[in-house]
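As structure tokens, the structure follows; a few thoughts come after it.
The values are calculated or read from the model by the stated rules, or taken from the named source; none is laboratory data. Because the structure is a prediction, the values reported are computed rather than measured. Note: ideal-geometry Cβ built from the backbone for every residue, glycine included; neighbour counts use all protein chains shown.
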Amino acid sequence: MLVSICLPTCNGREFVEQAINSVLQQTYQQYELLICDDCSDDGTYEIVQQISQDNNKIICWRNSERAGLFANYNNCLARASGTVIKPFAQDDLLADTALARMVSVFQRESGVVLVCADKAQQNSYAAAARDKIEEPLASGRIKGGDAILGCLRSYRNLIGEPVSVLFDARYKDLGFDTNYHSLGDLDYWLRLLEKGDLFHIAEPLVFFREHQSSATSTLLKNMDWVLDFYRLSKQYERYLKELALSREEYCMRFTELAGALIDQLVRAGKLQIEQLDGFREVAYYSMRRCAELSFKGREYDAVVNSTSWRITGPLRYLMGQKKHDSNERTARK
């Protein structure tokens with residue numbers, strides 16, 4: 001079974017050689033590595049060319065003009081000749097057995113169109129911190145519709161970034177929707193899952209770097225992902241009925257959760273108002289306020305609906321009445 005590994009690159013000089021080496025070290029060797037460079041100006045393409053000279057499994061080329069991440073993935077898909085597709089990223093890594101483990105699922109599980117594996121996080125180029133990122137997905141085979149509902153219900157990409165998946169090449173023409181800013185991968189996975197089932201390998205087989213120049217960090221700062229979730233809710237509105245939610249209710253709930261995330265990023269020093277303008281600045285203030293009001297409201301509700309609050313009701317009434325009588329006596333004096 002030939003695996004087409006799709007690696008879009010753009011100004012990834014610091015990481016791309018390690019990423020490619022993690023492919024070359026795979027125990028499963030039936031693959032082609034397709035590398036499309038999106039007009040890098042930092043020497044990334046020259047590094048790729050140098051490595052490809054010694055390996056006929058690597059096919060590399062360069063765009064004539066900047067295309068963007070999801071369009072560049074589609075460029076790789078157009079040249080893929082494998083039975084299955086393995087998206088990859090220039091600053092991520094594969095465990096040596098990643099391809100072997102994921103391919104074996106397709107070899108034994110009929111009707112599965114998408115395989116995902118857990119990931120560990122590496123915080124920098126030098127550090128090898130491999131703390132597992134917990135994903136609330138059941139291990140093993142999951143019905144496609146159930147996986148779609150799980151992602152929508154949790155407002156999360158439970159399946160993972162491109163590096164986390166392997167999918168059936170029969171559906172490569174579905175492609176990434178370039179109208180999405182950051183959730184183009186999740187949208188693609190959901191469309192795939194309308195064709196068949198998901199299989200989750202509950203073991204970290206890929207390593208995901210988080211650093212200041214990573215695509216994830218940039219997208220968090222741009223906050224375009226906020227718009228993507230509203231787009232996603234419209235595109236998959238038919239599934240919201242199974243969650244007993246209207247689209248408006250779904251979007252309002254997302255607004256609260258997005259506000260909480262933005263507030264968390266601010267407190268962690270990963271997002272500053274100085275980085276924002278226009279829509280982003282409006283979203284920043286609006287969503288942080290939504291999160292604040294939502295939290296305060298729930299905190300109040302939790303108190304007044306608690307058992308202890310109800311039990312002490314008579315005592316609070318007597319104390320209030322005593323204070324009222326005392327105030328009246330003072331007023332008559």
>> Of the conditions (1) closer than 25 Å to residue 173 by Cα; (2) outside any loop (DSSP other than H, G, I, E, B); (3) not basic (Lys, Arg), residue 22 satisfies every one except a single condition; which number is it?
In response: (1)
>> Given the criterion under 28 Å from the mean Cα position of the chain (by Cα) and closer than 18 Å to residue 163 by Cα, identify the matching residue among 48, 84.
In response: 84
>> Suppose we filter segment 234-245 for residues that are surrounded by 13 or more Cβ atoms within 10 Å (Cβ to Cβ), without any contact (Cβ under 8 Å) to a residue 24 or more places away in the chain and either under 20 Å from residue 185 (Cα atoms) or small (Gly, Ala, Ser) (or both); how many remain?
In response: 1
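For segment 45-63, give me each residue that is in contact (Cβ under 8 Å) with a residue 12 or more places away in the chain and in a loop (DSSP other than H, G, I, E, B).
Going residue by residue through segment 45-63, those that are in contact (Cβ under 8 Å) with a residue 12 or more places away in the chain are 45, 47-48, 51-52, 55, 57-63.
55, 57, 63 - these are the residues of segment 45-63 that are in contact (Cβ under 8 Å) with a residue 12 or more places away in the chain and in a loop (DSSP other than H, G, I, E, B).
Answer yes or no as to whether residue 67 is in a loop (DSSP other than H, G, I, E, B) and in contact with a strand residue (DSSP E or B) (Cβ under 8 Å, 6 or more places away or on another chain).
Details: in a loop (DSSP other than H, G, I, E, B): yes; in contact with a strand residue (DSSP E or B) (Cβ under 8 Å, 6 or more places away or on another chain): no.
Taking the combined requirement at face value, the residue does not satisfy it.
Restricting to segment 11-59, give me the number of residues that are hydroxyl-bearing (Ser, Thr, Tyr) and surrounded by fewer than 16 Cβ atoms within 10 Å (Cβ to Cβ). Before the answer, list the steps.
So the first thing to find is which residues in segment 11-59 are hydroxyl-bearing (Ser, Thr, Tyr), and the list is 22, 27-28, 31, 40, 44-45, 52.
With surrounded by fewer than 16 Cβ atoms within 10 Å (Cβ to Cβ) added as a condition, the list becomes 27.
Residues in segment 11-59 being hydroxyl-bearing (Ser, Thr, Tyr) and surrounded by fewer than 16 Cβ atoms within 10 Å (Cβ to Cβ): 1 in total.
Only one residue in 176, 167, 199 is in a strand (DSSP E or B), more than 15 Å from residue 118 (Cβ to Cβ) and either modelled with pLDDT of 95 or more or of a type in the set (Lys, Arg) (or both), so which one is that?
Values: 176 fails: in a strand (DSSP E or B); 199 fails: more than 15 Å from residue 118 (Cβ to Cβ).
Of 176, 167, 199, the one residue that is in a strand (DSSP E or B), more than 15 Å from residue 118 (Cβ to Cβ) and either modelled with pLDDT of 95 or more or of a type in the set (Lys, Arg) (or both) is 167.
Search segment 81-92 for residues being part of a strand (DSSP E or B) and either modelled with pLDDT of 95 or more or of a type in the set (Phe, Trp, Tyr) (or both), and hand back the single one that is surrounded by the most Cβ atoms within 10 Å (Cβ to Cβ).
Our first condition is that a residue be part of a strand (DSSP E or B); within segment 81-92, this holds for 84-87, 92.
Those still in the list that are either modelled with pLDDT of 95 or more or of a type in the set (Phe, Trp, Tyr) (or both) too: 84-87.
Numbers: 84: 25, 85: 24, 86: 28, 87: 23.
Among residues in segment 81-92 that are part of a strand (DSSP E or B) and either modelled with pLDDT of 95 or more or of a type in the set (Phe, Trp, Tyr) (or both), the one surrounded by the most Cβ atoms within 10 Å (Cβ to Cβ) is 86.
Yes or no, residue by residue, for (1) small (Gly, Ala, Ser); (2) touching a helix residue (DSSP H, G or I) at 6+ places or on another chain (Cβ under 8 Å):
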{"residue": "26", "(1), (2)": "no, yes"}
{"residue": "34", "(1), (2)": "no, yes"}
{"residue": "37", "(1), (2)": "no, yes"}
{"residue": "41", "(1), (2)": "no, no"}
{"residue": "48", "(1), (2)": "no, yes"}
{"residue": "63", "(1), (2)": "no, yes"}
{"residue": "66", "(1), (2)": "no, no"}
{"residue": "71", "(1), (2)": "yes, no"}
> So residue 277 clears everything in (1) at pLDDT 55 or above; (2) within 22 Å of residue 154 (Cβ to Cβ); (3) surrounded by fewer than 17 Cβ atoms within 10 Å (Cβ to Cβ); (4) charged (D, E, K, R) except one condition, right? Which one?
Replying inline: (2)
